[in-house]
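The values are calculated or read from the model by the stated rules, or taken from the named source; none is laboratory data. What you are looking at is a predicted structure, and each value in this text was computed from that prediction instead of being measured. Cβ coordinates were reconstructed from backbone atoms using ideal geometry, including for glycine residues, and neighbour counts include every protein chain displayed.
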């Protein structure tokens, strides 16, 4: 059976959902020409959302649908995490959501898209997040330059995807047919950054939470044995959104099992706990 995407609400409907959410919870909502700012009490944070973008959809998934609530409700209890890495941070919704519960942790937010990264930095500044470090690179299995494209799924701001350069893919193909090595006009280049480099550069010995949502890029992470071995050695809790038009959920689950993670699946998200974790 071919993979099919669920229908996504229009931007206008998503923005109305956020407006209703704010009113129903007595939150402050400030609407300007290009942006809306919502100031929440619980979880306490402020989010700036760009009009006519997927920002309202991302906000809905994190703050209204509570996609990451399982972490705060079940995974840690009274023990507080020290280091959290948000891969595919987008505009910072997941980082700020988790920070409202785990305020003493140190955060690294990684976002490949320049436009999303600028929005991420704005939201970090808005919340005076001295414990959040933002990196404008792509989480990957090496430090190569990668294609950053807007041709994945609906092509919106929440669907920017990174892939190996076309030339690198071609080297792995075992045929002599002529191939096009031109990078499409809707793609840019972004520097890859590995988990090993993140740990070394930031003097991190252990990661309490690693959240990965990179629009199909998880296929390369999951299939790279060295990266998965490091995740197995260094990460307590792994959250990964699986995009089944790139890698099957069953395949992702099998790799999790092979690497010693116990997990539950909610929708497209795997919540995995390292079986040797002390948590």
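Side notes on the structure shown:
- Of all the criteria given as (1) within 16 Å of the chain's Cα centre (by Cα); (2) under 22 Å from residue 136 (Cα atoms); (3) not in a loop (DSSP other than H, G, I, E, B), the one not satisfied by residue 216 is (3).
- In the set 124, 204, only one residue is assigned to a loop (DSSP other than H, G, I, E, B) and at pLDDT 90 or above; that residue is 204.
- Looking at 91, 38, just one residue is in contact with a helix residue (DSSP H, G or I) (Cβ under 9 Å, 6 or more places away or on another chain), surrounded by 16 or more Cβ atoms within 10 Å (Cβ to Cβ) and assigned to a strand (DSSP E or B), and that residue is 38.
- Residue in the range 235-243 that is within 16 Å of the chain's Cα centre (by Cα), part of a strand (DSSP E or B) and surrounded by fewer than 20 Cβ atoms within 10 Å (Cβ to Cβ) present: yes
- Screening 162, 95 for residues that are under 20 Å from the mean Cα position of the chain (by Cα) and at pLDDT 95 or above leaves exactly one candidate, 95.
- Qualifying residue in the range 145-158 (condition: modelled with pLDDT of 90 or more and either within 25 Å of residue 46 (Cβ to Cβ) or assigned to a strand (DSSP E or B) (or both)): yes
- Any hit, the range 245-260, residues being touching a residue at least 60 places away in the same chain (Cβ under 8 Å) and over 14 Å from residue 71 (Cβ atoms): yes
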